[in-house]
Amino acid sequence: MNRLIVGCGYVGSEIARLWLAKGDSVYAITRSARRVEELKGIGVQPVVWDWYQPSADDNLLVLPKIDSVVVCVSHAAVEGIAPEKTHTLGLDNLLHHWSRDGELPACWCYISTTGIYAPRDDGGWVDEESDLLPLRPGSIAAKAAEDWCEREIFSRVQSGEANKGQLYGCILRAAGIYGPGRIPRLDVLRNNEPIAIDPQSYLNLIHVTDLAGIVTAVCDAPTQHRIYNVADGNPVRRRDYYEFIARQIGSLPPRFEFANQQMPTMNSPVHVSTKGQFDASSSRPAARSRGEGSKRIRIDLLKESIPYSFQFPNFEAGLTPLLPK
């Protein structure tokens, strides 16, 4: 099969390796000409294209008929582009390429983030039906892209207007991604620097290998649902997470500096931290950092309907082979 990855970075490269191991042909859109040789080195066929530039879409003419497209573009802010346009602008340009002949890739998968859920500080469980309130630029971009998928892709699935009803896809809301070369705050722990975070709050994680495996699983056949939370299903309190790493690397126990902040929860009006900022135009708190808040991500839907066995079902299993002894 011919697979296309848009944004073949940390996650996309892992997805590519799995598909290549199955004998699939993998193409990747990259904005950086510097990554061409790197992608070729792992067997990926690169297409250099800035998806924010519709005039450059002729670059995509080198692509064969694509069976699956996975969008795993970074959620980082892009200078000069509003957060709600960060992904949708590129998605519009990408769709324009296939709209010429009406033959869309059969499968569309967009990797979103659990950061789009409304903040809560009570450690409560969150599932795919929970309230949404994206506050950071990355989660705002993801929510806009999810809406785009609903409008431009999933609506065609319902109507059967595209590909004679052979169009399908889903959205994967990923928790914090870790893996080789990506262990959050490792250097901070080595240096025993204070961590400005509530040690009793919860952290939700997914190993990059498992995220990639789930992506390849959902791209093989239509899924029962359009949206899935993707985490390992074992939330951990941040104190336990950082203490585990500190023990493994032989550093001093972690130090925490946490101001008791009143932030919005699911059942309360908006409160503002005495240290925080307030966006008067939207009547909501300014963007919170990734580490704030405390919620536990439920993955029952994923486990019930996606045929996948986790290689790293908890953070201990995932971190132990990665940490220096």
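A short reminder: the numbers here are calculations on the coordinates, not readings from a lab. In this text the structure is predicted, and so the values were computed from the model without any measurement. With ideal geometry, Cβ positions are generated from the backbone for all residues, glycine too; neighbour counts draw on all protein chains shown.
Observations on the structure shown:
- Likely footprinting exposure, K143, K295, K22, fewest C-beta neighbours within 10 Å first: K22, K143, K295
- Distance between modelled label sites at A118 and E193, nm, 7 Å Cα→Cβ extension: 3.5 nm
- Taking packing as the residue-averaged number of other Cβ atoms within 10 angstrom, the listed peptides 133-140, 175-182, 316-323 run from highest to lowest as 133-140, 175-182, 316-323.
- Cα gyration tensor shape for region 1-151, rounded if a/c is under 1.5, else prolate or oblate: prolate
- When you work out D = kT/(6 pi eta Rh) for region 194-256 at 20 °C and 1.002 mPa s, using the Kirkwood radius from C-alpha pairs as Rh and the Stokes-Einstein form, the result is 152 µm²/s.
- By the beta-carbon count within 10 Å of each Cβ, the least crowded to most crowded order of F258, F310, fewest first, is F258, F310.
- Projecting the Cα atoms of V71, H97, P180 onto the dipole axis of region 70-204, where Lys and Arg carry +1 and Asp and Glu carry -1 at the beta carbon, places P180 farthest toward the positive end.
- Among 103-113, 238-248, the order from most to least packed when residues are scored by Cβ within 10 Å on average: 103-113, 238-248
- DSSP beta bridges fully contained in region 106-232 are about 10 percent antiparallel.
- The largest-to-smallest principal axis extents of the Cα set in region 25-101 are 34, 31, 21 Å.
- Summary of packing: across the peptides 75-82, 299-306, 46-53, 10-17, the per-residue average of other C-beta atoms within 10 Å ranks them, highest first, as 10-17, 46-53, 299-306, 75-82.
- With Cα atoms as the point set, the radius of gyration and Dmax of region 102-233 evaluate to 17.4, 59 Å.
- Under 19 Å from K40, Cα to Cα: aspartates and glutamates that are on another chain or at least 8 residues apart: E14, D24, D50
- Residue exposure proxy: I197, I249, I5, ordered by other Cβ atoms within 10 angstrom of their Cβ from fewest to most, comes out as I249, I197, I5.
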